[in-house]
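The structure appears below as structure tokens.
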Amino acid sequence: MAYHARTILHQMAQMRGDIGQYAKGLRASVRVFANTAAITEFLPESLAPWVAAHPQIDVDLKERGSSEIARSVSAGFAEIGILSSAVETGDLIMRPFAIDRLVIVVSREHRLTGNRAVRFADLLGDQFIGMAGGALQDHIEDQASRLGSRMKMRVRLRNFQGICRMAGAGAGVGIIPESAARRCQRSTQIKLVRLLDKWATRRLSLCVRDENDLTVPAKALYDHLSQRAPLHP
């Protein structure tokens, strides 16, 4: 009981300190919801210089699916969203952010290496290596469901590098962003094959409910990300 009491008292003291900093205007926070591709491939480079230049502002970054991002920004749960433009966004204000192309990664001995591009439906008999959860993996598996099928998952990993290593060794087929595949290609034995399906090429957009209602820190971050948008990865 004494241990738990000390823990609670310590957390309360920490909370009072944090609240005090915000109340005095010493710190601010911007909540951003983004999909998997934005978080893993595009945001780190765009976000890094802004965060470094604003040490008093925290970025509360959460990974969500594009549909949930649109709903959350509309409801005011997030100030800024980064989502696929393919989803219904209603009255949200949109700005271009990036182009996210999904590709297939396989070993150099795989039957697909002679193809420059294939359709997703032609892969559904293969064994897959996927992400251990996340919005991107959900998006890919939803496409299989729309075709009346399920992906045969051999293993799920936490990053694209791991997927490429497994695919390069011949353990299965992976589907990841092209930018990640090209980066991993230098250190793994993979071959890239384009996906012909329209859903495999997604335009990512920044979204807000109303630019005039953004807090000063959120507006500054929103403008920064718009100006540094990596539209052609």
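The values are calculated or read from the model by the stated rules, or taken from the named source; none is laboratory data. Remember, it's a predicted structure, so these values are computed and weren't measured experimentally. Here the Cβ positions follow ideal geometry from the backbone for every residue, glycine too, while neighbour counts run over all protein chains shown. Note: accessible area is taken over every heavy atom of the protein model, side chains too, but ligands, DNA and RNA are not part of it. Shrake-Rupley method; radii C 1.70, N 1.55, O 1.52, S 1.80 Å.
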So for the stretch 90-99 (the condition being open to solvent by 40 Å² or more (accessible area, probe 1.4 Å), of a type outside the set (Ser, Thr, Tyr) and free of Cβ contacts under 8 Å to residues at least 12 places away in the same chain), does at least one residue qualify?
no
Residue, modelled with the lowest pLDDT, within the stretch 208-228, restricted to residues that are surrounded by fewer than 19 Cβ atoms within 10 Å (Cβ to Cβ), part of a loop (DSSP other than H, G, I, E, B) and of a type outside the set (Lys, Arg)
THR215
Here the residues within the stretch 38-74 that are under 28 Å from ALA181 (Cβ atoms), among the aliphatic types (A, V, I, L, M), part of a helix (DSSP H, G or I) and open to solvent by 50 Å² or more (accessible area, probe 1.4 Å) are ALA48, VAL51
Determine whether SER85 is open to solvent by 30 Å² or more (accessible area, probe 1.4 Å), more than 19 Å from LYS219 (Cβ to Cβ), in contact with a strand residue (DSSP E or B) (Cβ under 8 Å, 6 or more places away or on another chain) and of a type in the set (Ser, Thr, Tyr).
yes
Restricting to the stretch 10-37, count the residues that are at pLDDT below 70, open to solvent by 30 Å² or more (accessible area, probe 1.4 Å) and outside any loop (DSSP other than H, G, I, E, B).
11
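Would you confirm, using the coordinates I've provided, whether SER179 is more than 20 Å from ALA34 (Cα to Cα), modelled with pLDDT under 95 and hydroxyl-bearing (Ser, Thr, Tyr)?
no
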